[in-house]
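Student: Here it is, the structure, as structure tokens.
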Amino acid sequence: MPTPRFTLIFYAPLTALEACKTAIFAAGAGRYPGSGNYTECCWTAVGTGQFRPGDAANPHLGKPGDLEKVEEARVETLCVGEDVARKAVEALKKCVLTPLPLTLYIYIYACFSFLSP
């Protein structure tokens, strides 16, 4: 049975971006199996996230009721094996350099069986 592959997707404030990428790559994410020995592979896009804290919120940025807009990055990378995906998520949790609850992560099972390793 082939090793499962996951796509790790997370959003991070620009100030934490490089630290988060360094942490997940050190955990083994971003390595493409096969010839060429590719490492630290990812796709990054910068955009603007927005949120409006509720009345009971104690936001790190902005004020309750006010719409806040923040530049952030979305990063996608490959994790080969469940152990690598789990280690990368743990590394991402540890590297968050801001108290913002906006640094989100998701790992999604991705089937790449049509690609040769």
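Student: Report, by residue number, each residue of the range 24-66 that is out of contact with any Lys or Arg (no Cβ under 9 Å at 6 or more places or on another chain) and under 12 Å from T77 (Cα atoms).
Tutor: Listed by number, the residues that qualify are R31, Y32.
Student: Also, I was wondering about something else. Looking only at the range 87-111, how many residues end up being surrounded by fewer than 15 Cβ atoms within 10 Å (Cβ to Cβ) and either among the basic types (K, R) or modelled with pLDDT of 90 or more (or both)?
Tutor: Going through the range 87-111 one residue at a time, the tally reaches 2.
Student: OK, next. Do we have A26 as in contact (Cβ under 8 Å) with a residue 60 or more places away in the chain and closer than 14 Å to A91 by Cβ here?
Tutor: Yes: the conditions hold for A26.
Student: Right, next: Go through the range 10-38 and give me each residue that's of a type in the set (F, W, Y), at pLDDT 90 or above and under 12 Å from the mean Cα position of the chain (by Cα).
Tutor: Result: F25, single match.
Student: Taking the range 23-38 only, how many residues are part of a loop (DSSP other than H, G, I, E, B) and exposed (fewer than 13 other Cβ atoms within 10 Å of the Cβ)?
Tutor: 4
Student: Next up: Could you grab the pairs with beta carbons closer than 6 Å, sequence gap of 6+ or different chains, first residue in the range 4-19 and under 23 Å from G81 (Cα atoms) and touching a residue at least 40 places away in the same chain (Cβ under 8 Å), second one assigned to a strand (DSSP E or B) and among the basic types (K, R)?
Tutor: Y11/R74
Student: Can you give me the number of residues within the range 8-22 that are under 10 Å from A73 (Cα atoms) and either in contact with an Asp or Glu (Cβ under 6 Å, 6 or more places away or on another chain) or not in a helix (DSSP H, G or I) (or both)?
Tutor: 5
Student: Right, next: How many of the residues making up the range 39-85 are of a type outside the set (D, E), modelled with pLDDT of 95 or more, within 25 Å of A23 (Cβ to Cβ) and in a loop (DSSP other than H, G, I, E, B)?
Tutor: So the answer is 3.
The values are calculated or read from the model by the stated rules, or taken from the named source; none is laboratory data. What you are looking at is a predicted structure, and each value in this text was computed from that prediction instead of being measured. A quick note on method: Cβ atoms are made from the backbone with ideal geometry, for glycine too, and the neighbour counts reach across all protein chains shown.
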